[in-house]
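**Q** Got a structure for you, written out below as structure tokens; questions coming shortly.
The values are calculated or read from the model by the stated rules, or taken from the named source; none is laboratory data. The structure displayed is predicted, hence computed values, not measured ones. Here the Cβ positions follow ideal geometry from the backbone for every residue, glycine too, while neighbour counts run over all protein chains shown. Ligands, DNA and RNA are stripped out before the accessible areas are found, and what is left, the full protein with its side chains, is counted by its heavy atoms. Shrake-Rupley method; radii C 1.70, N 1.55, O 1.52, S 1.80 Å.
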Amino acid sequence: MLKHITTCRNAAGRLCTAVVCLILLLLSHPAVAVERVGDDFLTGYVASILERDLHWERNSYILKIVNGVATITVFKDEPLQQEMAEKQLRDIDGLQQITILVKPPDTGNPEVASSFMGVTGEGETFPTGDLFRPLIADPKQPQFFVSLISFSSLDLRYTLASVGFGETFGMYRFFGSREGNGLQLSLEGALFAQFNMDASSSDLINADYTIGIPVTYRYDNNSLRFRIYHQSSHLGDELLLSGNHPERVNLSYEAIELIYSLEWRGWRGYGGGEYLVHKEPSDLKPAIAHWGIEYRGSRPLVWNGRPVGGVDMKCMEENDWSVDTSVKAGLEFGHPNPGQRRLRLLAEYYNGFDPHGQFYNNKVEYFGLGVSLGF
């Protein structure tokens with residue numbers, strides 16, 4: 001009898017264990033699936049395959065995915081191209097159904113025909129992301145990051161920690177006549193700070209505070225950023241209390257910026273400039289030229305990370321149009337689009353005049369590693 005009871009207890013224990021494991025499996029699996037194959041994730045993934053693998057032009061189709069069901073509207077009837085797309089997309093995990101519709105552009109629609117900018121009257125408040133992709137290599141791009149670099153200036157070399165806190169928050173977006181196009185008004189703010197890690201208390205050297213109102217626009221592969229922003233700079237207390245502190249300069253200004261960018265198969269070129277107004281010191285020369293090139297890979301390279309990189313260049317009238325060069329390259333993890341979760345591991349190099357604070361007349365050079373987060 002005792003042996004029979006023991007056997008029953010063991011069997012019951014194994015049964016309970018199996019039931020608990022099954023419950024945990026059922027509870028955990030759907031959460032993972034939702035995270036991995038949500039509609040936003042699928043939209044970005046499918047678009048990257050169509051444009052970068054199959055070389056579809058961005059303005060040649062409209063993509064909608066709702067509850068895993070994809071509807072692709074094309075404007076030309078090309079059966080071979082559509083067949084290749086269905087074949088490559090059908091095995092994507094989480095994509096329940098694919099429908100490709102052929103619909104020629106409605107040239108008889110007066111709203112579309114008369115709209116040169118391609119912006120409709122419909123829109124949404126507090127949109128996710130931005131229509132103008134944040135610049136990868138610009139040292140003053142509002143974002144969350146931390147970098148540890150070897151910094152040299154005025155014949156001195158020391159380890160510097162550079163940190164930034166900032167983001168662009170969409171206020172309102174007018175939709176474009178095609179998917180992905182539109183006009184957006186946003187609010188942005190950022191803090192950029194540098195710390196001397198070789199000092200006994202890791203002295204704060206400088207902090208730049210910026211706040212701005214960017215207006216961004218996208219039409220297919222073309223995008224613009226028009227921005228009005230304010231910057232004020234402040235030296236750290238430890239630096240001001242040191243024995244050989246620099247004379248404080250109250251650097252503060254408002255600036256007007258316009259940058260245009262063009263994207264093509266993962267590559268992007270951009271160019272534009274800034275003009276400083278209401279500036280202090282008053283003799284600060286106002287004009288700045290700004291341009292660069294970027295690459296965003298769509299296929300994982302290492303540890304499921306996609307290759308990204310950029311070269312950003314600026315010329316300031318204040319420094320006789322000498323070129324300041326910033327280079328960043330590395331891996332991006334997570335979602336590729338602005339406003340989505342992502343992490344970047346980047347090697348960086350800079351040569352030119354100091355981009356931070358009142359030290360804009362000092363030639364500097366630095367290199368190191370950084371981590372940035374996207375939200």
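**Q** Roughly how many whole Å is it from the C-alpha centroid of the stretch 40-72 to that of the stretch 205-261?
**A** The two parts, judged by their Cα centres, are 36 Å apart.
**Q** With respect to the cross-link table entries K103/K328; K76/K140; K279/K328, which display a Cα-Cα separation exceeding 32 Å? Intermediate values should be presented prior to the final figure.
**A** Details: K103/K328 42 Å; K76/K140 42 Å; K279/K328 30 Å.
From the list (K103/K328; K76/K140; K279/K328), the Cα-Cα distance tops 32 Å for K103/K328; K76/K140.
**Q** Taking θ = phi - 60°, what integer Hz values does the Karplus form 6.51 cos²θ - 1.76 cosθ + 1.60 yield along the stretch 128-145, in sequence order, with x for Gly and Pro?
**A** Result, rounded to whole Hz: 7, x, 9, 7, 10, 4, x, 6, 5, 9, 5, x, 10, 6, x, 6, 9, 7.
**Q** In whole percent, and with a 1.4 Å probe on the protein chains, what portion of the accessible area of the stretch 254-375 is carbon and sulfur?
**A** The nonpolar share, carbon plus sulfur, comes to 62 percent.
**Q** Taking the chain as a Gaussian network, Cα atoms linked when under 10 Å apart, which of P127, P336, P246 shows the biggest mean-square fluctuation?
**A** P246
**Q** Whole Å is fine, so just give me how far the alpha carbon centre of the stretch 76-101 lies from that of the stretch 331-371.
**A** 39 Å
**Q** Using Cα atoms only, what is the angle between the long axis of helix 2-36 and the major principal axis of the chain, expressed in degrees (0 to 90) to the nearest 10?
**A** Approximately 50 degrees, to the nearest 10.
**Q** Still on this structure, please answer the following. Once both axes come from the Cα atoms, what is the angle between helix 79-89 and the longest principal axis of the chain, in degrees from 0 to 90, rounded to 10?
**A** Once rounded, one gets 90 degrees.
**Q** Dipole of the stretch 190-331 (Lys/Arg Cβ +1, Asp/Glu Cβ -1, origin at the Cα centre): which of V323, L301, H234 lies farthest to the positive side?
**A** So the residue furthest toward the plus end is L301.
**Q** Taking H placed 1.01 Å from N in the peptide plane, check which residues at least 5 places from V364 or on another chain put their amide H under 5 Å from its amide H.
**A** Result for V364 returns G352, F353, D354.
**Q** Using helices alone, I'd like the mean residue ellipticity at 222 nm for the chain: each DSSP H run of four-plus residues gives -39500 (n - 2.57), total over residue count, nearest 500.
**A** Details: 5 runs with 66 residues, N = 375.
Per the formula, -5500 deg cm²/dmol.
**Q** Oh, and also: Per-residue counts of other Cβ atoms within 10 Å, averaged by peptide: what ranking do you get for 261-269, 214-222, highest first? Display every interim value, and only then the final one.
**A** Values: 261-269: 15.2, 214-222: 19.3.
Per-residue Cβ counts within 10 Å, averaged per peptide and sorted highest first, yield 214-222, 261-269.
**Q** Using θ = phi - 60° and the Karplus form 6.51 cos²θ - 1.76 cosθ + 1.60, what ³J(HN,Hα) does each residue of the stretch 200-216 get, whole Hz, x for Gly and Pro?
**A** 4, 10, 6, 4, 6, 8, 7, 9, 9, 10, 10, 9, x, 10, x, 10, 10
**Q** Follow-up. Among Q231, Q194, Q82, determine the one that fluctuates most according to a GNM of the chain built with springs between C-alpha atoms less than 10 Å apart.
**A** The residue that fluctuates most here is Q82.
**Q** How high is the relative contact order of the chain, given as a whole-number percent (alpha carbon pairs under 8 Å, six or more residues apart)?
**A** Working: 843 pairs, mean separation 45.7, N = 375.
Taking the mean separation of contacting Cα pairs over the length of the chain, I get 12 percent.
**Q** For the Cα atoms of the chain, what angle does the longest principal axis make with the long axis of helix 39-48, in degrees from 0 to 90, nearest 10?
**A** 70 degrees
**Q** With +1 on the Cβ of every Lys and Arg and -1 on the Cβ of every Asp and Glu, and nothing else charged, how large is the dipole of the chain about its Cα centre, in debye rounded to the nearest 20?
**A** With Lys and Arg at +1 and Asp and Glu at -1, about 1700 debye.
**Q** On to the next question. Taking Cα Rg over 2.2 N^0.38 Å straight from the coordinates, which label in (1) 1.25; (2) 0.99; (3) 2.22 is the correct one?
**A** For Cα Rg over 2.2 N^0.38 Å, the calculated option is (1).
**Q** Going by amide H atoms built from the backbone, whose H comes under 5 Å of the H on G266, apart from near neighbours?
**A** Here nothing satisfies the definition.
**Q** With a 1.4 Å probe and every protein chain left in place, work out the accessible area per residue of the stretch 224-265 in Å², rounded to a whole number. Provide the component values of the computation, followed by the final result.
**A** Numbers: 2420 Å² over 42 residues.
I get 58 Å² per residue for this part.
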